[in-house]
């Protein structure tokens, strides 16, 4: 199982790490060159949607299809939640006839609903348990 952790590197600035060697810079909106935690949540959702839809789209469109998944959602700062996240999958289906394109979209939506762990977790609501270790 991949280990994940963040280390503080400055005021409201962290570096996220994985045991597989990946890193990501995290911080507040006023810090250049970093993602905010909320932005990472949204990117994780969009990436999960893309990866979940990859197989059906590859089967129908081939390995080289282009896709962009845009994601947005304003924070409710009073309650510190994102009450709604909106995703848009941008893909060119002009080579398909309208019926085939519609069938593919249904398959894609079903695939995302079935296997996008991030989206399913957000929709279901996850329990989070914080433990604090001190020296």
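The values are calculated or read from the model by the stated rules, or taken from the named source; none is laboratory data. Quantities reported herein were computed from a predicted structural model and do not represent experimental measurements. Cβ sites come from the backbone with ideal geometry, for glycine too, and all protein chains shown count toward neighbours.
Within the range 35-52, take every residue that is under 16 Å from residue 109 (Cα atoms) and out of contact with any strand residue (DSSP E or B) (no Cβ under 7 Å at 6 or more places or on another chain) and give me the one that is surrounded by the fewest Cβ atoms within 10 Å (Cβ to Cβ).
47
Scan the range 1-19 and give yes if some residue there is in contact with a helix residue (DSSP H, G or I) (Cβ under 6 Å, 6 or more places away or on another chain) and at pLDDT 95 or above, otherwise no.
no
Looking at 98, 37, which is the one that is farther than 30 Å from residue 10 by Cβ and at pLDDT 95 or above?
98
For residue 90, work out the one condition from (1) part of a strand (DSSP E or B); (2) touching a helix residue (DSSP H, G or I) at 6+ places or on another chain (Cβ under 7 Å) it doesn't fulfil.
Residue 90 satisfies every listed condition except (2).
Can you pull out every residue in the range 31-48 that is outside any helix (DSSP H, G or I) and within 18 Å of residue 80 (Cβ to Cβ)?
Result: 35, 36.
In the range 106-135, what residues are touching a strand residue (DSSP E or B) at 6+ places or on another chain (Cβ under 9 Å) and under 21 Å from residue 64 (Cα atoms)?
108, 112
Report, by residue number, each residue of the range 63-87 that is without any contact (Cβ under 8 Å) to a residue 24 or more places away in the chain, more than 19 Å from residue 121 (Cα to Cα) and in contact with a strand residue (DSSP E or B) (Cβ under 9 Å, 6 or more places away or on another chain).
The answer is 68, and nothing else.
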